[in-house]
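The values are calculated or read from the model by the stated rules, or taken from the named source; none is laboratory data. Please read all numbers here as calculations on a predicted model, not as lab measurements. When we count neighbours, we look across all protein chains shown, and the Cβ atoms used for this are built from the backbone with ideal geometry, even at glycine. Heavy atoms of the whole protein, side chains included, go into the accessibility calculation; ligands, DNA and RNA do not. Shrake-Rupley method; radii C 1.70, N 1.55, O 1.52, S 1.80 Å.
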Amino acid sequence: FKNKLSDIVKKNFGFNLTKGQNKILAEIDKDLKSDSRMFRLLQGDVGSGKTILALIAAANVLEDGFQVAFMAPTEILAKQHYELALNLFNKTRINIGLLTSKIVSSDKNKIINNLSNGNINFLFGTHSLFQKKIKFKKLGLIVVDEQHKFGVNQRKELSDKGGNDCDVLVMSATP
């Protein structure tokens with residue numbers, strides 16, 4: 001990775017990563033660079049920095065021209081992650097979208113069209129993300145927060161949208 005975008009994101013944090021966070025990030029980056037598909041569980045206490053690490057990993061994938069999907073179990077959590085990403089990716093060329101069941105139909109259709117033609121790079125959402133009508137142009141990474149709140153088939157439906165080369169990072173605070 002060139003790390004230009006992830007460096008911008010890190011600067012927007014306002015704090016430095018810990019030694020442990022840097023170690024985990026290096027492991028995730030190694031998985032993302034490999035020829036094998038990544039399926040990694042990132043487990044840690046609430047507030048340990050799982051979301052930050054996922055957003056840095058996403059920045060590297062986005063910089064390489066792929067799309068990223070970030071799924072959360074509730075609209076409140078999806079919106080929190082979306083707003084954090086808007087702040088961290090501020091003044092970059094990354095187009096970020098939010099898709100939940102409460103988005104009005106006309107806006108939802110715009111999001112779906114922009115996603116399928118590649119105009120949305122980074123999509124946050126809830127269960128709406130694995131619906132059949134949601135199509136990505138070039139999905140490279142899927143992040144699932146609180147992965148235990150989704151069924152195996154639901155996670156698979158979303159990961160299938162990226163094909164065999166799409167990497168998956170699932171996160172949980174529940175051991």
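Observations on the structure shown:
- Whole-Å distance, taken between Cα centres, linking region 91-138 and region 44-65: 19 Å
- Rg/Rh (Cα only; Kirkwood hydrodynamic radius) as it applies to region 56-149: 0.92
- Of the trypsin sites (Lys or Arg not before Pro) found in region 80-173, those in coil by DSSP whose Cβ has at most 15 other Cβ atoms within 10 Å are Lys91, Arg93, Lys102, Lys132, Lys133, Lys135, Lys137, Lys138.
- Across the accessible surface of the chain, with the other protein chains kept in place and a 1.4 Å probe, carbon and sulfur atoms take up 48 percent.
- Principal-axis tilt of helix 50-63 within the chain, Cα atoms, nearest 10 degrees: 70 degrees
- Diffusion coefficient (Stokes-Einstein, Kirkwood radius over C-alpha pairs, 37 °C, 0.692 mPa s) for region 1-134: 210 µm²/s, rounded to a whole number.
- Excluding same-chain neighbours fewer than eight residues apart, the lysines reachable from Lys137 by a Cα-Cα span under 16 Å are Lys110, Lys161.
- Additional length obtainable on full extension of the chain from Lys33 to Asp45, 0.36 nm per residue less Cα span: 1.6 nm
- Here's the picture: charge each Lys and Arg Cβ at +1 and each Asp and Glu Cβ at -1 in the chain, and of Ala85, Asn95, Gly125 the one pushed furthest to the positive end of that dipole is Asn95.
- Peptides ranked, highest mean first, by Cβ atoms within 10 Å: ranges 78-90, 19-31: 78-90, 19-31
- Axis angle, to the nearest 10 degrees, between helix 19-33 and the longest C-alpha principal axis of the chain: 50 degrees.
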